[in-house]
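*Asks:* The structure is given below, and queries will be raised subsequently.
Rule-based calculations on the coordinates, nothing more; no lab input. Only a predicted model underlies this, so the values are computations on that prediction, with no experimental measurement involved. Ideal geometry is used to build each Cβ from the backbone, glycine not excepted, and the neighbour counts take in all protein chains shown.
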Amino acid sequence: MTRPLPSCELCATSGAEILWQDELCRVIRVAEPGHPAFCRVIWNEHVAEMTDLAAAERRHLMRLVFATEAALRRLYRPEKINLASLGNVVPHLHWHVIARFAGDRHFPRPIWAEALRTGDPVIPPVTTEALRQAIILALAEEEGSGA
Ligand SMILES: [Zn+2]
């Protein structure tokens, strides 16, 4: 068991509103201007790299990443999903799961690049509860598929 680091924002706080969680990891909804369909899947313990996890733990985490991707696809019908695990700023294992739209500020660049345009495409709002339910459903489907 790794000790929480008080100086780490993902150890010290949930990161944002929690959509789903178990004892190992959590999914939060990220409030990022211009990118409304953005979740983060966070390993609860303070570890930096995927290979710090046991193989079964990695599978558990990725099942949640894929369920989050499936939920975002189902609810938003995006142009593309971006999956990213960087951790250069906060070296606490987490995956960004970001639905991208052809007219979004940065498309086709990563959302962290310089914006290419101002203004946002019309993206139908999705409630936190709808997102939560879609993740639960997608997780059940992931588990049912023998993953
Ligand atoms: Zn941490």
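*Asks:* Please give the net charge around Glu49, taking every other residue with its beta carbon less than 13 angstrom from that of Glu49, where Lys and Arg add +1 and Asp and Glu add -1.
*Replies:* It works out to a net charge of -2.
*Asks:* Could you give the angle, 0 to 90 degrees to the nearest 10, between helix 128-144's Cα long axis and the longest principal axis of the Cα atoms of the chain?
*Replies:* 60 degrees
*Asks:* Another question, if that's okay. Determine, for each peptide in 71-81, 5-15, the mean count of other beta carbons within 10 angstrom over its residues, then list the peptides with the highest first.
*Replies:* 71-81, 5-15
*Asks:* Okay, moving on. With r defined as the distance between the Cβ atoms of Leu116 and Ala55 and R0 fixed at 30 Å, what FRET efficiency is calculated, to the nearest 0.05?
*Replies:* 0.15
*Asks:* Sticking with this one: Neighbour counts of other C-beta atoms within 10 Å: give me Trp95, Trp20 arranged from fewest to most.
*Replies:* Trp20, Trp95
*Asks:* Subtract the Cα-Cα distance of Val47 and Cys8 from 0.36 nm times their separation in residues, and report this length gain in nm to one decimal.
*Replies:* Net length gain for the segment: 12.9 nm.
*Asks:* Rounded to whole Å, give me the distance from the Cα center of the range 43-62 to that of the range 73-113.
*Replies:* 20 Å
*Asks:* Here's another thing I want to ask about it. Give me Arg117, Arg40, Arg132 ranked fewest to most by other Cβ atoms within 10 Å of their Cβ, as a rough exposure proxy.
*Replies:* Final ranking by Cβ density, sparse to dense: Arg117, Arg132, Arg40.
*Asks:* Taking only the Cα atoms of the chain, how large is their convex hull per residue, in Å³?
*Replies:* For the chain, the hull spanned by Cα atoms encloses 113 Å³ per residue.
*Asks:* Lys and Arg at +1, Asp and Glu at -1: add these up for the other residues within a Cβ distance under 15 Å of His92 and post the number.
*Replies:* Net local charge, His92 excluded: -2.
*Asks:* Still on this model: Determine, for each peptide in 103-111, 82-90, the mean count of other beta carbons within 10 angstrom over its residues, then list the peptides with the highest first.
*Replies:* Ranking, from highest mean packing down: 103-111, 82-90.
*Asks:* If I measure Cβ to Cβ between cysteines in the chain, which ones have no partner under 4.7 Å?
*Replies:* Lacking a cysteine Cβ partner under 4.7 Å: Cys25, Cys39.
*Asks:* Nearest 10 degrees, 0 to 90: what angle lies between the long axis of helix 55-76 and the longest principal axis of the chain (Cα atoms)?
*Replies:* 20 degrees
*Asks:* Turning to a different aspect of this structure: Would you work out the relative contact order for the chain, in percent, from Cα pairs under 8 angstrom that are 6 or more residues apart?
*Replies:* Computed over the chain, the figure is 23 percent.
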